[in-house]
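The values are calculated or read from the model by the stated rules, or taken from the named source; none is laboratory data. It should be emphasised that the depicted structure is a prediction, and the values quoted were computed from it without experimental measurement. All Cβ positions, even for glycine, are placed from backbone atoms using ideal geometry, and neighbour counts span all protein chains on display. Note: areas computed on protein heavy atoms with side chains; ligands, DNA, RNA excluded. Shrake-Rupley method; radii C 1.70, N 1.55, O 1.52, S 1.80 Å.
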Amino acid sequence: MAEKKKTYIEDIERTLYDIKDVDHSVYKAHSGLTEDVVRDISTRKKEPQWMLDFRLKSLEVYNSLELPTWGPSLEELHMDDIVTYVQPDAKMTGSWEEVPEDIKDTFDRLGIPEAEKTSLGGVGAQYDSEVVYHSIQEDMVKQGVIYTDMETAVREHEEIVKEYFMTLVPPKDHKFAALHGAVWSGGSFVYVPAGVHVEMPLQSYFRLNAAGAGQFEHTLIIVEPGASLHFIEGCSAPKHNVTNLHAGCVELFVKDGARLRYSTIENWSRNMMNLNTKRALVEKDGIIEWVSGSFGSHISCLYPCSVLHGENARCEFTGVTFASKGQNLDTGASVIHAAPHTSANINTRTISKAGGMATYRSAVKVTKNAPYAKCSVNCESLMLDNLSRSDTLPVMDIEGDEADIGHEAKIGRISDEAIFYLTCRGIDEEEARAMIVRGFVEPIAKELPLEYALEMNNLVNIELEGTIG
């Protein structure tokens, strides 16, 4: 009998991302997490007293909390070895010509300046712990749109930042939220006035170059009533032989009748611990759309949360996860229905190969204040060998009896029947298998920004070899 072929998906081609720059940083904090380190970060940033107080309080909370007792093991993370602040040899500028050549070359390879010319309304670029480039089109400024780095926002828009900063993700939320509150650095601040529709996306890109360091950028976006915005975030790092840490924080405030699409591709290296926290608060008739791709990192814990706080608030979540050898990617989404007639639709795809572990973890809560809430969760997983693992762990907490909640999960391999059907119609068997895998991720790929959709198609590069055991 002829051997059955299996579908083999190439690992992510990381040559572009794994190019390391020579470390030209002008300052690094002492490794580990102490009060002196926290005070040093705040002093260097010339922060107001309230922000230093916030950092020190967050440090207290961090020291009082234990590591999570669920999810992937974090025993490989040793905070005493992590450098929490790395200052690059660059000042923030609005001109790429003023960015140091080695840093500019990195962002050129990643395609950021080119994308800015063709399809973006503004760009922020962070290198290690500081934003080195930021721009926004003049017509957006005239409409009152604010897009800048968080340090500038603390100085120039202090009252807005003080009102919202880490109110949606408080330090007491979990140990790594507290860590973020203590040592955060860089990130993006976006404010869209009422009724303003930002026609071109804004994009921030976060690049961590230093070995053994952490990146703790903070993203704060406020979309006022009736306004709309598409915000794109990209992340990457070269591979080192020591552990790196990413513990960013994203807070999204979507006001009455506003709409926000938040697209992100996390393509960290295989030595990265990605412990990111993202949360959105959506008011009456508001819409949050998440588009999330998790391709990199050694370990990921990432569960964007939508709090549907106003009547008719909506959430759409689209996600894809690719776990290969040496990766344990624990991803998912959570939704809190806290008002009448709220609705959510969660749609994810996961692929695991070569012993990779992909876990989809969802949490849906419907409070007593949310009659007629609707939520549909659909998770599909494709395992490409006998070494890989894929799990779906849904949690649903329904406090009322007037909710319409559904969960559907599928885990499996490529169907022999589907291959037979396609080959009977004259399609080559190898191309048939390739078509099926492309079709599996297509619902996600079509939601990605163009440059990331092209990237994902390159990541999911189909080859056929071997046998299914």
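Structure notes:
- Top-ranked residue in region 322-358 [being farther than 16 Å from E408 by Cα and of a type in the set (S, T, Y); ranked as surrounded by the fewest Cβ atoms within 10 Å (Cβ to Cβ)]: S343
- Boolean, I221 is among the β-branched types (V, I, T) and part of a helix (DSSP H, G or I): no
- If only residues of region 365-394 that are more than 21 Å from P72 (Cα to Cα) and either touching a helix residue (DSSP H, G or I) at 6+ places or on another chain (Cβ under 6 Å) or of a type in the set (A, V, I, L, M) (or both) are counted, the one that is surrounded by the fewest Cβ atoms within 10 Å (Cβ to Cβ) is L384.
- Hits in region 408-428 - residues which are open to solvent by less than 70 Å² (accessible area, probe 1.4 Å) and not small (G, A, S): I414, I419, L422, T423, I427
- Scanning region 91-109 for residues that are open to solvent by less than 30 Å² (accessible area, probe 1.4 Å), touching a residue at least 60 places away in the same chain (Cβ under 8 Å) and over 24 Å from I221 (Cα atoms) yields I103, T106.
- Filtered by the rule that a residue be without any contact (Cβ under 8 Å) to a residue 60 or more places away in the chain and among the aromatic types (F, W, Y), region 206-252 gives a lone residue, F231.
- Members of region 317-374 that are touching a residue at least 40 places away in the same chain (Cβ under 8 Å), farther than 30 Å from N271 by Cβ and within 20 Å of the chain's Cα centre (by Cα): V335, N347, V364
Per-residue answers, yes or no, for (1) within 23 Å of V307 (Cβ to Cβ); (2) among the polar types (S, T, N, Q):
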{"position": "T148", "(1), (2)": "no, yes"}
{"position": "I160", "(1), (2)": "yes, no"}
{"position": "A178", "(1), (2)": "yes, no"}
{"position": "E199", "(1), (2)": "no, no"}
{"position": "H218", "(1), (2)": "yes, no"}
{"position": "I221", "(1), (2)": "yes, no"}
{"position": "S236", "(1), (2)": "no, yes"}
{"position": "V242", "(1), (2)": "no, no"}
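- Of all residues making up region 249-286, the number that are of a type in the set (G, A, S), at negative phi and at pLDDT 95 or above: 3
- In summary, strands (runs of 3 or more DSSP E) completely within region 125-213 and bearing 2 or more residues that are farther than 27 Å from P100 by Cβ and either in the same structural domain as L52 (by the TED database) or open to solvent by 10 Å² or more (accessible area, probe 1.4 Å) (or both) occur at 187-192.
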